[in-house]
Structure formats: structure tokens, C-alpha cells
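Asks: Below: one structure in C-alpha cells.
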Protein chains: 2
Amino acid sequence: MNLKRPLILVVNDDGIHAPGIRALIEVAKELGEVTVVAPNKPQSGMGHAITLDSTLHLHKEKIAGVTAYSCSGTPADCVKIAVNKILDRKPDLIVSGINHGSNSSINVIYSGTMSAALEGALENIPSIGFSLLSHSIDADFTASQHYAKKIITQILSTNKNKNLCLNVNIPNLSTALISGLKVCRQANGNWEENYDERTDPMGRTYYWLTGEFILDDDGRDTDEWALRNNYVSVVPVQPDLTAHKLLTDIKHLENE
Amino acid sequence: MNLKRPLILVVNDDGIHAPGIRALIEVAKELGEVTVVAPNKPQSGMGHAITLDSTLHLHKEKIAGVTAYSCSGTPADCVKIAVNKILDRKPDLIVSGINHGSNSSINVIYSGTMSAALEGALENIPSIGFSLLSHSIDADFTASQHYAKKIITQILSTNKNKNLCLNVNIPNLSTALISGLKVCRQANGNWEENYDERTDPMGRTYYWLTGEFILDDDGRDTDEWALRNNYVSVVPVQPDLTAHKLLTDIKHLENE
């Protein structure tokens, strides 16, 4: 019998001082020993970026009563340096978030929150990314904490898959209004971009990216369906991008 | 019959002045009308990062005789702004690279080159990322150009799949020594990281990421097998990260 409490690494992409990571630390503290390693500035939309051409710096501090390191790198850097340099044993679980904003559907590929989780799974550590469907700095994380606690407890007690990686998204509703939890697949969808063109005081043109998410999937087994029907969505994710169904279709390229 | 030459958008992640993009422009010019939109500085390891919290700037110039725009953003930003702002018609093909260094196996998820290609496929434009297995600034792109020309010609003339996205890696060999082309899946593998710890002149600790790639796959149908046996590897990729096989395994989470 293992008498040690599980070691939980907490990371995020909104930066170490975001309210969302504090909410997740509070949950993790109840369930295990916690260390935090998180970016020293917001890193939203960083995808699976890593720092190759520059150095990394760490700064030790306390957040919500636990040992924390702010890191000058990306979310994926935080996981790599935590596991390979900072921690003296392998974490039993990595949790990432709670992100301020959705990482459902195609957002997963742009998401720093989920790249940190995927990086954890690549290091053979079960990992979960949590995201709340609200960008508000004053967002209420109560329901997110309720579901994070349920899921973390389950994974710590039953999961045997060291590469398990979950993308959990939570509707911006009170716990009472959430219908429950759905295991689902990533919905097909994409952003239709717009560039807002402006002129700076020196007369130079610059652009802001704006856009609208277009759902291109009417399946009832998707994360988007779950979220639009007030469920927490749980998508298991993995890092193989191969389009296995196309391997035969393009085989002819070998013969040209 | 369409008398217009195909429009080819050329992007990369090593920056608009890298030798690799010039090699790719030379090939693309033979096969169509070319516009270049590429980062104004190296963006290796940027994954699928996009610029959300900052503005984008473009600078028009000429590279290898074609119209080019250097962009202050990431490789994925370059594709988005090219398609949605710069170009007056939809490109028939997007080519990304030629990257200085491999994007086989797990490197695909960290790769700016491949994130640009994947972004193209998300915009319903067939897209191909090319990478040469050499980081040398003096790398010889002759064999890469030979295979890029073959593949681009084939895709332009036969492909009907607007979401097609190919990850092409080329061994660092002369054309004569390359055995041919293999359509394959992404090999399982990962980086074993090491952090080189140093002290700066002010006495502060900093870190450089180093590491070694560990192949964890003995399949003969993988990109790593192909490259180690002197083949050009062609992996079709797609943006659905769902671990479809795990959907049943974790269904029990719904009932807790």
C-alpha cells in the first residue's frame, strides 16, 4: 500500500497569477501534494510551442499556500522543466488550467493549456486540461472545481493508462444547471477569421485577428454538442496526427 | 478548362530569409503563380501558436523574384492573414518549408512548418510541409527540390481532397542515394529532455533545453523507418486529436 499522497503538478497557460490556476490548486491540494510550474506571463494561443533558441528562467514563490515556480517559457516548457529538472519524483498526475475560455473542438490545437497536458502524457504521466467557457477575469470557478475534483479523484483511483490525456471543458453555469458529464469526440469546426485593419500614429498599417467559430458537425457525440446541452465535455486526446484513413488513398504517390 | 496557372502560397517557420524557403520558391515558381507570406524572424518550435494578444505587421518585399510579405506573427498567423487578407483569390495549394531540420514522428506537434500546413488544410486548401533532415545553414536542397517538384506536380494534377495535408521529410542525401518515396504513419517516439544549467554574469541560474529523440516503434510502416532506410517519408496528417479507441474505456466517468 502506497502511503504517500499522490504528487500533482499544476500548470496553465494564462500565467501563474491567473484566477483559474488558483482555483485548480485549491482542488489539487485536497487530493495530493502539489507543485505549481506555470508561465510568468499569459501564453494563450501558444499551441505546442517550446523554447529552442532562448534560455529559460525560473522564479520560486508561493501560490495559494503551495510551492510554485514561475517560468519564462511556454506551457509545454513548464511541463518539461518541471518533470526533468524541478521535481524530485515523477508526478502521479498533471492538471492544466483552469483555462479562461473554451478549448473544445479545433481550439485544442491552438491551446497552451492542452499542449501542457499533451506534453505530460508524452512523459508518461496521466494529464488533464480543464477549461471554463468564460474569458471573464471574474469568472465563477465553483462548478469547474466541483467537476475537476470528481474527475481527478476518479483518475487517481482507477486509471492505469500512463498516456491518458483528457480535454475537459466546462459550461459557464452554476453546478445545479450543469446536466452532468459526457465523454465525447472533438467536433469538426474551424474559425472564420477577419483582420481588423488599423493605422498607428506613425501612419503604418497593423492588424488585429478576430474571428467567429463555425461548427461543421451535427453529431450528438461531440464536445460542442455536450457543451451546448449544458454538459461538461471530456475528450480523450493523443498526439498521433496521422490521417490513417488516407494512407491508402495517397499510396499512388510512391509510384510516380 | 482552367487556363489560369495554379496559385501557390509559400510559407515557412525559419523566417522569410532562410535558404530553405528560397529553395521551395524556386520549385513553386516553375509550377504556378507564387506569393510568399512568411515570418520576419525564425519561429522554429512554435507549434500551432497564433497571435491573439498582439498586433500583426506586414512588410512587402521581393524574394527570389516573387512578391513576398514578411509578417510579425507565427507560421499559422502567416497562413491566416495570407488567405483572409492578402490574397485576392484562394490558393490552390499551400507549401511550407523547406524546413531546416526533421519534422518526423513527434516533432510534428512542435513544428511551425507543419502548423502552417495544417492551418492551410483547415482553410480547405491542400497543404504540404517539407523538411530536410539537416540543420546546416549550408544544407544542400537539391534532392528536396527534386521530390518537392514531383509531389507538388502530383497533388496539383490529381488531388481532389481540399483538406489534404502532407508531412514530407527528406533524408540529407543526394538524389541518387535516396531510395524513393514511402507513404507512412507517424512513428511513436518522444524526446528525453535534459536541462543544461548555467549561471549568468549576475549570478542568476538559467537553463538551455537539450535532449535526445527516443524512437518507441519498430513498425516498418513509419516515417522514422522510411527515413532511416533512405526514403522520403510522406505522412498524411489531420487535426482531430481524439483518442477514438479510448472513448469506451473512459465512458464510466459519466456515471460517477
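The values are calculated or read from the model by the stated rules, or taken from the named source; none is laboratory data. The shown structure was predicted, so the numbers you read here are calculated from the model rather than taken from an experiment. In this analysis, Cβ positions are derived from the backbone assuming ideal geometry, glycine residues included, and neighbour counts consider all displayed protein chains.
Asks: For residues in region B:81-96 being assigned to a helix (DSSP H, G or I) and either within 7 Å of B:Leu9 (Cβ to Cβ) or among the β-branched types (Val, Ile, Thr) (or both), which is nearest to the other protein chains (Cβ to nearest Cβ)?
Replies: Narrowing region B:81-96 to residues assigned to a helix (DSSP H, G or I): B:81-86.
If we keep only those that are either within 7 Å of B:Leu9 (Cβ to Cβ) or among the β-branched types (Val, Ile, Thr) (or both) as well, we get B:81-83, B:86.
Details: B:Ile81: 6, B:Ala82: 11, B:Val83: 8, B:Ile86: 9 Å.
Step by step, filter region B:81-96, then rank; the result is B:Ile81.
Asks: Hey, can you tell me all the residues within region A:222-237 that are polar (S, T, N, Q) and in contact with a Leu (Cβ under 8 Å, 6 or more places away or on another chain)? Working first, answer last.
Replies: The initial filter retains those residues of region A:222-237 that are polar (S, T, N, Q), namely A:222, A:229-230, A:233.
Scanning region A:222-237 gives A:Asn230, A:Ser233.
Residue-wise test of (1) closer than 22 Å to B:Gln43 by Cα; (2) of a type in the set (S, T, N, Q).
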residue: A:Lys4; (1), (2): no, no
residue: A:Gly20; (1), (2): no, no
residue: A:Lys41; (1), (2): yes, no
residue: A:Ser44; (1), (2): yes, yes
residue: A:Ser54; (1), (2): yes, yes
residue: A:Cys71; (1), (2): yes, no
residue: A:Lys85; (1), (2): no, no
residue: A:Asp92; (1), (2): no, no
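Asks: With (1) surrounded by 23 or more Cβ atoms within 10 Å (Cβ to Cβ); (2) over 15 Å from A:Ala38 (Cα atoms) as the list, and A:Thr113 as the residue in question, which single condition is left unmet?
Replies: (2)
Asks: Could you list, in sequence order, all residues of region A:28-75 that are under 13 Å from A:Asp14 (Cα atoms), among the small types (Gly, Ala, Ser) and under 14 Å from the mean Cα position of the chain (by Cα)?
Replies: A:Ala38, A:Ser44, A:Gly45, A:Gly47
Asks: So, B:Ile170, is that one of a type in the set (A, V, I, L, M, F, W, C), more than 18 Å from A:Thr242 (Cα to Cα) and crowded, with 17+ Cβ neighbours inside 10 Å or not? Outline the logic, then answer.
Replies: Values: of a type in the set (A, V, I, L, M, F, W, C): yes; more than 18 Å from A:Thr242 (Cα to Cα): no; crowded, with 17+ Cβ neighbours inside 10 Å: yes.
Judged against the criteria, B:Ile170 is not a match.
Asks: Wholly within region B:133-235, which strands (runs of 3 or more DSSP E) include no fewer than the required count, namely at least 3 residues that are within 10 Å of chain A (Cβ to nearest Cβ) and closer than 30 Å to A:Ser70 by Cβ?
Replies: B:189-199, B:205-215
Asks: Moving on to the next point. Taking the criterion of being under 14 Å from B:Pro6 (Cβ atoms) and either touching a strand residue (DSSP E or B) at 6+ places or on another chain (Cβ under 7 Å) or of a type in the set (Lys, Arg) (or both), would at least one residue in region B:128-139 satisfy it?
Replies: We begin by selecting, within region B:128-139, every residue under 14 Å from B:Pro6 (Cβ atoms); these are B:128.
This time we only want the ones that are either touching a strand residue (DSSP E or B) at 6+ places or on another chain (Cβ under 7 Å) or of a type in the set (Lys, Arg) (or both), so: B:128.
Checked region B:128-139: at least one residue is under 14 Å from B:Pro6 (Cβ atoms) and either touching a strand residue (DSSP E or B) at 6+ places or on another chain (Cβ under 7 Å) or of a type in the set (Lys, Arg) (or both).
Asks: Right, another one. Exactly one of (1) more than 9 Å from chain A (Cβ to nearest Cβ); (2) more than 10 Å from the chain's Cα centre (by Cα); (3) surrounded by fewer than 24 Cβ atoms within 10 Å (Cβ to Cβ); (4) over 22 Å from B:Ala68 (Cβ atoms) is unmet by B:Ser102. Its number?
Replies: Condition (2) is where B:Ser102 drops out.
Asks: Given (1) more than 10 Å from chain B (Cβ to nearest Cβ); (2) without any contact (Cβ under 8 Å) to a residue 12 or more places away in the chain; (3) assigned to a helix (DSSP H, G or I); (4) of a type outside the set (D, E, K, R), where does A:Leu253 come up short, assuming only one miss?
Replies: (1)
Asks: Okay, moving on. Would region A:143-158 turn up any residue that is in contact with an Asp or Glu (Cβ under 8 Å, 6 or more places away or on another chain), over 23 Å from A:Arg22 (Cα atoms) and surrounded by fewer than 22 Cβ atoms within 10 Å (Cβ to Cβ)?
Replies: Scanning region A:143-158 turns up no residue that is in contact with an Asp or Glu (Cβ under 8 Å, 6 or more places away or on another chain), over 23 Å from A:Arg22 (Cα atoms) and surrounded by fewer than 22 Cβ atoms within 10 Å (Cβ to Cβ).
Asks: Considering only region B:44-58, I want to know if a residue exists there that is hydrophobic (A, V, I, L, M, F, W, C) and more than 30 Å from A:Thr113 (Cα to Cα). Full working, then the answer.
Replies: So in region B:44-58, the residues hydrophobic (A, V, I, L, M, F, W, C) come out as B:46, B:49-50, B:52, B:56, B:58.
Next, only the ones that are more than 30 Å from A:Thr113 (Cα to Cα) stay: none.
Checked against the condition, which is being hydrophobic (A, V, I, L, M, F, W, C) and more than 30 Å from A:Thr113 (Cα to Cα), region B:44-58 yields no hits at all.
Asks: I've got another one for you. How many residues are crowded, with 21+ Cβ neighbours inside 10 Å and modelled with pLDDT under 95 if we restrict to region A:204-252?
Replies: The number of residues fulfilling the criteria is 2.
Asks: Tell me whether region A:102-112 contains one or more residues that are in contact with a Pro (Cβ under 8 Å, 6 or more places away or on another chain) and not in a helix (DSSP H, G or I). Break it down into steps so the answer makes sense when it comes.
Replies: So the first thing to find is which residues in region A:102-112 are in contact with a Pro (Cβ under 8 Å, 6 or more places away or on another chain), and the list is A:106, A:109, A:112.
Subset that is not in a helix (DSSP H, G or I): none.
There is no residue in region A:102-112 that is in contact with a Pro (Cβ under 8 Å, 6 or more places away or on another chain) and not in a helix (DSSP H, G or I).
Asks: Same structure, new question: Within region B:110-128, track down each residue that is modelled with pLDDT of 95 or more and over 20 Å from B:Ala28 (Cβ atoms).
Replies: Once the filter is applied, which keeps residues that are modelled with pLDDT of 95 or more and over 20 Å from B:Ala28 (Cβ atoms), region B:110-128 yields only B:Leu122.
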